[in-house]
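In what follows, a structure is listed as structure tokens, so that the remarks can point back to it.
Read the figures in this text as sums done on the coordinates, not as results from a lab. All figures in this text were calculated on a predicted structure; none of them were measured in a lab. Please note: Cβ atoms are built from the backbone with ideal geometry, for glycine as well, and neighbour counts cover all protein chains shown.
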């Protein structure tokens, strides 16, 4: 959760030592580690966390071929081949958004932008962005920076209003989607995610380079789309609005209230919200986006008619942004992000909370 210490209700610490029932995960958007609710500690390495695989959805007879990637907005998702053919195109800017969680000296997990890994090797020409630090308002870490700060950040990355932006990370796009949403919120449509991210690029033995890319500054002018972001009051008003669907993009254990994000916050979910964990949009083996038919089945509970508005939330606006990306692939852009998410809602005793599993799953 951006700018906050995150706590997870457990019976032991991540390193296996007995704890007091809470696991400190600074900055962790918890679904990254416990995708789909399967609490399977995959590693006790004190330097680097190996995340368990996300829960895969049940696959029935596909409505479309398993290799189908003909999403409505298919240009938002690019292949490694597509990007490799455009590395020398000056109108294309590649952004590395890799992020990691590591054990600190106190035995707790801490957030780490993958600057070191970027310096060792990245896609040629890629610049680096810290999706947690750079995309948080220093005066209120639960929200996106104000437009003037965002303009300065994006301009400094060499991105102008006419630039084609390609984003990647090491987790299927779940971190990079935060910048994808932020750019679109600020009026920039030509932004895409690299399917499979850096792991797929490296596995295919495509070219990489070391060092740090210093981009030639560009001029980015924000044109805000306020309809893409909602406040707690707007979410509250939507609770009794049958035309709005609220999506909780966190893992099942967080949604149900079995686990908590903060020791000072309540557990559970926003009343009436459906639980569609962000990692469920990915193939758990390749960490690429699901084929169109599988995405349609995953989201069918949301009843995505054109007039139906969707609001997504999570712990702090990261996984919820990835949920919006999946909706965009399906052609449903009548959707908005509750930016402050549970960091705000769960701390406010005036806001209603429910616990229990999503009975529609």
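Quick rundown of the values:
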quantity: Contour excess over end-to-end distance, with Cα ends at residue 358 and residue 243 and 0.36 nm allotted per residue; calculated: 39.5 nm
quantity: Burial ordering of 245, 314, fewest other beta-carbon atoms within 10 Å first; calculated: 245, 314
quantity: For 299, 181, order by how many other beta-carbon atoms lie within 10 Å, fewest first; calculated: 299, 181
quantity: Footprinting exposure proxy for 348, 248 (fewest neighbouring C-beta atoms within 10 Å first); calculated: 348, 248
quantity: Pairwise centroid distance, computed over Cα atoms, of region 249-313 with region 170-211, Å; calculated: 21 Å
quantity: Gain in span if fully extended, residue 149 to residue 81, counting 0.36 nm per residue against the direct Cα distance; calculated: 21.1 nm
quantity: Cα gyration tensor shape for region 209-340, rounded if a/c is under 1.5, else prolate or oblate; calculated: rounded
quantity: Packing rank of 276-282, 214-220, 173-179, where each peptide gets the mean count of other beta carbons within 10 Å, highest leading; calculated: 173-179, 276-282, 214-220
quantity: Shape call, region 273-361: gyration tensor on alpha carbons, a/c limit 1.5; calculated: prolate
